[in-house]
Amino acid sequence: LFTCLAEPLEDCVLHWDGVLAPGELPLRFVAQGKMQDGILDLICLNSRMPRDTRGDVMACLASLRAGAARLDALLARYQSRNEPQKITAVLEALVQSYPTEAELVFRLAQHYRAQGAVEQSIATLDALGEAQLSLGNKRAAAVTIRHIIELNPPRVDDYKKLLQEISR
């Protein structure tokens, strides 16, 4: 973020806002369904308007929860109508838009598996794992690789070896 304090732009002074956070990225406000208050506190303490920042973050989280609930309701409706192709279409579209959103990819892979498309499930998880590794997120990639190993793919030993390498 920056603010221009003067005109013309050649005389502009920039003020950069940022938060230095310890540990591995990404930082998650919510992990395993539980709010990580320390992360929110860290961000609020580094803000010029901590109450506003806290309110903004809480509003964003509430909208994410509402969206997830609506997605769950839509998928449940398709499931109750025995329309798995619609579930596939919705999840594939979401994963195409958000290919590194692990929860979405896991849902799609689980759906493929339930439909008997294990190879598609493995390929979907493999793409996520590759993306996570390219982003340097070894911890998330290890979780994804464990999901792949559970599916007993043809090259399961290669996945086990990769898991050992990135877990060091």
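Computed in the context of the full set of protein chains, the accessible area of the range 27-168 at 1.4 Å probe radius has 51% of its extent on carbon or sulfur. If you average the alpha carbon positions of the range 31-69 and of the range 132-151, how far apart do those two centres end up, in angstrom? Computed from Cα coordinates, the inter-centre distance equals 26 Å.
In this Cβ point-charge picture (+1 for Lys and Arg, -1 for Asp and Glu), the range 42-131 has a dipole of about 480 debye about its Cα centre. Protection proxy ranking, highest mean first, for peptides 68-77, 40-49, 143-152: 143-152, 40-49, 68-77, where packing is the per-residue count of other beta-carbon atoms within 10 Å, averaged. The overall shape of the range 61-151, judged from the alpha-carbon gyration tensor, is oblate: a/c is not under 1.5, and a/b is no greater than b/c.
Highest first, please rank the peptides 51-59, 121-129, 101-109 by the mean number of other Cβ atoms sitting within 10 Å of their residues.
Details: 51-59: 12.7, 121-129: 22.3, 101-109: 19.1.
Ranked from most to least packed, the peptides come out as 121-129, 101-109, 51-59.
Taken per residue, the accessible surface of the range 55-168 reaches 64 Å², heavy atoms only and a 1.4 Å probe.
The values are calculated or read from the model by the stated rules, or taken from the named source; none is laboratory data. Keep in mind the model is a prediction, meaning the values are calculated, not measured. Methodologically, a virtual Cβ is constructed for each residue, glycine included, from the backbone with ideal geometry; neighbour enumeration extends over all protein chains shown. Ligands, DNA and RNA are excluded from the accessible area calculation, which covers all protein heavy atoms including side chains. Shrake-Rupley method; radii C 1.70, N 1.55, O 1.52, S 1.80 Å.
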